[in-house]
1. The conditions are (1) in contact (Cβ under 8 Å) with a residue 12 or more places away in the chain; (2) surrounded by fewer than 18 Cβ atoms within 10 Å (Cβ to Cβ), and residue 152 fails exactly one of them. Which is it?
2. Quick check on the stretch 269-290. Is at least one of its residues part of a helix (DSSP H, G or I), more than 18 Å from residue 209 (Cβ to Cβ), in contact with a helix residue (DSSP H, G or I) (Cβ under 8 Å, 6 or more places away or on another chain) and not hydroxyl-bearing (Ser, Thr, Tyr)?
3. Being of a type in the set (A, V, I, L, M, F, W, C) and surrounded by fewer than 19 Cβ atoms within 10 Å (Cβ to Cβ) is the filter here; which residues of the stretch 702-728 pass it?
4. Between 421, 357, 411, 399, which is in contact (Cβ under 8 Å) with a residue 12 or more places away in the chain and in contact with a Ser or Thr (Cβ under 6 Å, 6 or more places away or on another chain)?
5. For residue 237, are the conditions met, namely being modelled with pLDDT of 90 or more, of a type in the set (Asp, Glu), in a helix (DSSP H, G or I) and crowded, with 22+ Cβ neighbours inside 10 Å?
6. Test of understanding: among 437, 449, 377, 360, which residue is over 30 Å from residue 251 (Cβ atoms) and crowded, with 20+ Cβ neighbours inside 10 Å?
7. Could you please find all residues in the stretch 286-325 being touching a Gly at 6+ places or on another chain (Cβ under 8 Å) and closer than 18 Å to residue 222 by Cβ?
8. For the stretch 387-400, name all the residues that are surrounded by 13 or more Cβ atoms within 10 Å (Cβ to Cβ) and more than 17 Å from residue 339 (Cβ to Cβ).
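The values are calculated or read from the model by the stated rules, or taken from the named source; none is laboratory data. Since this is a predicted model, take the numbers as computed values, not measurements. Note that each Cβ is placed from the backbone with ideal geometry, even for glycine, and that neighbours are counted across all protein chains shown.
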Amino acid sequence: MKISKVVVIGSGTMGSGIAAQVANAGLQVYLLDLTTEIATKACERIKKSRPPLLMEEDNLNHIIPGSIENDMETIKDADWVVEAVVERIDIKKTLYSRIDKLRKPGALVSSNTSSIPLKVLTEDMSQEMKKVFCITHFFNPVRYMRLLELVIGSQNDKEKINDLVNFGDKTLGKTVVVCNDSPGFLGNRVGVYAMQVAMTEAFNFGLTVEEADAVFGRPLGIPKTGIFGLYDLIGIDLMADVLKSFIKELPTSDPFHIVGKELPIINQLIADGYTGRKGKGGFFRMNKTSDVKILESLNYQNNTYHESKKVDLGLPDVMDVMNVIKRDDVYGKYAWSIMKKTILYASSLVPDVTENFNDIDDAMKCGFNWSKGPFEILNEIGIENFVSKLNQDEEIPSFIKQLIDQKNSLFRTTDNDLEYFHPQQSYMPMKRADGIISLSDIKKASKPIYTNASASIWEMSGKSKFICVEFHTKANALDGLTNDCLMKAYDLCNDKYDGIVIANDAMQFSAGVNLNYFYDRAVNKEFKDIDIFLNNFQQSLYQLQHAKFPVVSCPSGLAIGGGYEVISQTSFIAAHSNSVLGLVESLVGLIPAGGGCKEMLRRWANHSDIKNDPKQLALKVFNLIGYATTADSPIKAKAQQFLGEQDIMVMSKDRLIEEADKIIFSNKENYSSLDSATFSLPGSTVMSDMMDILYELKDKKVIGEHGIEVGKKLGYMLSGGNTTPSTILTEQNLYDLEREIFIDLISQKPTQQRIRHTLDTGKPLFN
């Protein structure tokens with residue numbers, strides 16, 4: 001069954017998020033609540049949401065607000081009805097009775113509940129509705145969180161459920177994990193357990209909230225919010241309610257009860273109104289004194305706050321679980337305790353809650369943004385090593401015992417095909433949804449054909465045979481080694497592959513070139529080294545842009561600065577729907593110098609708005625780069641020419657490489673590389689207009705003195721330097737000019753101050 005019309009009942013946070021994502025997919029969706037006014041206000045919140053729930057504002061036109069009282073008739077021709085009302089079973093069951101009377105035969109119905117079991121929701125339903133009813137548990141915010149847990153029961157019509165699975169995957173862009181009906185399902189069951197372990201063990205080890213967050217963060221492949229920051233983000237009161245639900249629903253024998261107890265410190269914070277970011281603060285708070293905001297941390301031992309300070313534990317700022325848990329200090333013991341207990345708990349759910357442990361990994365990666373799931377971490381540690389580190393009195397789940405007894409590993413490779421251990425059937429082929437090419441699976445099944453500390457090259461095949469370049473630095477920042485890998489890929493592809501894909505499994509495609517590299521060399525006046533690096537970067541990207549084979553980049557998350565320069569100079573871009581693209585170098589007092597200026601001039605030169613007007617071309621790109629413009633969706637990116645007509649948007653991150661493969665396959669036979677571009681730029685004739693813009697911004701206190709300097713240098717670059725409109729400039733001319741201006745700016749103290757401030761605080765400096 002094709003799903004083309006959706007009705008969402010309940011316009012709160014989750015209902016609004018679901019409706020917005022359906023609208024993003026280009027489908028009509030009715031959003032109903034007690035009154036049309038309530039639903040209309042929800043639409044207004046969707047429009048104003050930050051980060052934006054809509055990929056473009058016009059998508060709001062797909063959402064039609066209405067009331068439960070007057071507009072329930074819309075259900076009659078709906079293909080899918082989603083209930084997202086308050087977590088009260090009596091209200092839900094009354095609503096289901098009304099839906100059942102109105103829905104058309106075969107129409108799907110689901111609840112977004114996160115806590116009420118499926119068996120409770122369906123106990124009074126008709127047999128026909130039971131066949132098409134399930135739980136669709138989205139994670140918040142719906143647009144950005146990849147996980148969709150689909151909870152089913154034995155009564156379900158499997159074909160109908162498959163329709164919903166495919167819709168969630170291909171249309172809504174979610175990683176769909178099908179779960180059995182059990183408390184907390186999979187994501188929250190393991191994720192909340194890990195959070196509680198991280199919190200209680202922090203108390204047990206006597207760590208400060210800053211220390212705990214420094215360990216339970218990037219070093220373990222967990223978002224930098226850490227545990228206490230995450231509690232504040234979710235809401236301390238909401239987490240308390242979640243815990244109560246787990247305590248109520250889970251059997252008393254479940255290990256969750258050991259860590260899921262109510263804590264006096266939590267109750268006290270809630271009672272005092274400290275419920276996290278939405279309240280007065282929580283474990284962290286922002287103290288505003290004399291118009292100065294100071295971040296403060298809670299000392300939970302005496303309930304006082306102090307100025308929060310970054311804790312340097314000597315831990316890696318990228319995932320390095322093995323080295324962290326090997327540490328013989330309190331931080332290593334804390335990390336090991338968290339990982340050990342989480343892995344043991346996750347293992348105890350196999351096979352009763354799920355027979356496929358990979359689903360737990362997917363749930364943690366897509367629902368909690370872990371870089372690796374607990375079983376992937378177990379695989380990295382090694383089963384024997386893991387067991388040997390356990391205390392003698394710790395109970396080992398039967399799943400791990402089975403692995404030890406049979407001397408099996410979690411994964412194995414047979415004829416280059418990846419298989420995973422199944423508790424009932426020995427090994428099973430690793431199967432993803434039809435068409436998906438998973439880099440993480442490839443990495444488990446094979447070794448890279450080339451690798452260094454910053455990037456790797458993997459051999460892949462689908463419709464075509466290609467290689468994939470993967471960056472794997474912190475935030476996938478670019479450096480000399482990533483550049484070496486791009487050049488190596490070019491050489492390899494020339495020999496025996498159909499094309500190159502640039503992609504990764506990380507949260508960010510690339511946040512740009514490593515600023516520490518530039519800063520260190522700038523303060524030591526090693527400008528020649530900077531020039532060599534930039535030249536190599538430019539030339540490797542020029543090679544890829546003009547290669548005789550297709551090169552496809554697959555950005556997801558941030559692709560800004562140097563990251564955007566990489567993708568902008570590939571043949572095609574398959575961009576995830578949540579990609580953020582743009583050139584932001586002006587924020588640190590620099591200009592793009594990996595071909596970013598050149599590329600935006602090339603892209604806008606052919607735009608109808610410019611009409612072969614060199615002056616308008618320079619001004620357009622000047623405003624775009626000068627304001628550090630970013631686009632937070634591919635739709636917006638096309639309007640800014642960050643993406644071209646040949647580039648596509650992909651809803652599912654899981655399907656980026658699949659789409660790249662399709663592009664290579666359809667272009668490999670008759671592919672012709674992009675011709676080298678030439679440019680006609682206005683020279684000094686446009687500089688007065690640019691300076692007028694800059695001085696106006698300074699008068700409005702948008703920029704300071706150095707902002708004027710950066711803008712003037714950017715203007716000089718985009719106007720072509722010492723040129724005239726009659727002079728024809730080559731790509732190399734513009735590359736050279738980019739490097740010249742970049743080195744001029746980075747040699748200046750105010751730019752170095754901007755870089756240092758950004759590295760220290762993550763925020764731009766106004767100077």
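1. For residue 152, the failing item is (2).
2. No, the stretch 269-290 contains no residue that is part of a helix (DSSP H, G or I), more than 18 Å from residue 209 (Cβ to Cβ), in contact with a helix residue (DSSP H, G or I) (Cβ under 8 Å, 6 or more places away or on another chain) and not hydroxyl-bearing (Ser, Thr, Tyr).
3. Residues satisfying the conditions are 702, 708, 728.
4. Exactly one residue qualifies, and that residue is 399.
5. The answer is no for residue 237.
6. 437
7. 319, 321, 324, 325
8. Across the stretch 387-400, the qualifying residue is only 398.
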